């Protein structure tokens, strides 16, 4: 009887494919918001059990801590057509049943502190929940990440101590680690997000459709990557 029970357990274990996924992203990247939804949609219908980690990447490291007014930033960077950038991406989000309200977004922030908060939350195993909360707060509610109170509210809602988090954000803790990790990814050639690193070896770039994840996971290749669905410094 013991042998049979063990055999059933092994069979069940083999059917569940375990996979490690590092998501290099910025929490104000609209394609990262869409990409994580598509990845989760794929995982929900697959046999993969994923260990997900969020990795830092700044789309706009040149911005000051207070960030910049959204429309002014987009027009300055992309010209008059830049003001419609989020509206175009919203159509894709709508097709994914993913709420995105560009009209509520007023600020394009520097995200060093956002990534520091993710680094801090990871130490307490709260980073996965916090990542989704950050995406939703920014893209659906238009929360201003340059306001420390916004980050404290989100941290507290995810189960982190508000008092301890406030002390952390007021310090420089985690800054060196976050910037060093981002530098490592840039030096490895990553210039667009989202980038999904599979099992520390294979890479999928862009907010791919669930079917593309299926194909890529089977092949562990770089086929069918569409630069239209990712953010670089030149298109987000």
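Odds and ends about this structure:
- Entry remark, region 80-115: residues being touching a residue at least 24 places away in the same chain (Cβ under 8 Å), more than 20 Å from residue 35 (Cα to Cα) and touching a helix residue (DSSP H, G or I) at 6+ places or on another chain (Cβ under 8 Å) number 4 in total.
- Filter pass, residue 118 being touching a residue at least 60 places away in the same chain (Cβ under 8 Å), in contact with a helix residue (DSSP H, G or I) (Cβ under 9 Å, 6 or more places away or on another chain), buried (at least 22 other Cβ atoms within 10 Å of the Cβ) and not in a helix (DSSP H, G or I): no
- When each of 130, 134 is tested for being touching a strand residue (DSSP E or B) at 6+ places or on another chain (Cβ under 9 Å), modelled with pLDDT of 95 or more, part of a helix (DSSP H, G or I) and surrounded by 15 or more Cβ atoms within 10 Å (Cβ to Cβ), the lone residue that passes is 130.
Results for (1) over 22 Å from residue 58 (Cα atoms); (2) touching a residue at least 40 places away in the same chain (Cβ under 8 Å); (3) loosely packed, with under 12 Cβ neighbours inside 10 Å, shown as yes or no for each residue.
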position: 149; (1), (2), (3): no, no, yes
position: 154; (1), (2), (3): no, no, no
position: 158; (1), (2), (3): yes, no, no
position: 161; (1), (2), (3): yes, no, no
position: 169; (1), (2), (3): no, yes, no
position: 175; (1), (2), (3): no, yes, no
position: 185; (1), (2), (3): no, yes, no
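- Unique residue being touching a residue at least 12 places away in the same chain (Cβ under 8 Å), farther than 24 Å from residue 189 by Cα and under 14 Å from the mean Cα position of the chain (by Cα) when the list is 57, 135: 135
- Leading residue by the ranking (surrounded by the fewest Cβ atoms within 10 Å (Cβ to Cβ)) among those in region 37-72 that are touching a helix residue (DSSP H, G or I) at 6+ places or on another chain (Cβ under 7 Å) and assigned to a helix (DSSP H, G or I): 71
- Failed condition for residue 102, given (1) surrounded by 18 or more Cβ atoms within 10 Å (Cβ to Cβ); (2) in contact with a strand residue (DSSP E or B) (Cβ under 8 Å, 6 or more places away or on another chain): (2)
- Any hit, region 165-178, residues being at pLDDT 95 or above, in contact with a strand residue (DSSP E or B) (Cβ under 8 Å, 6 or more places away or on another chain) and assigned to a helix (DSSP H, G or I): yes
- Test for residue 21: is it touching a helix residue (DSSP H, G or I) at 6+ places or on another chain (Cβ under 7 Å) and under 21 Å from residue 211 (Cβ atoms): no
The values are calculated or read from the model by the stated rules, or taken from the named source; none is laboratory data. Computed from a predicted structure; not experimentally measured. Here the Cβ is made from the backbone with ideal geometry for all residues, glycine too, and neighbour counts use every protein chain on show.
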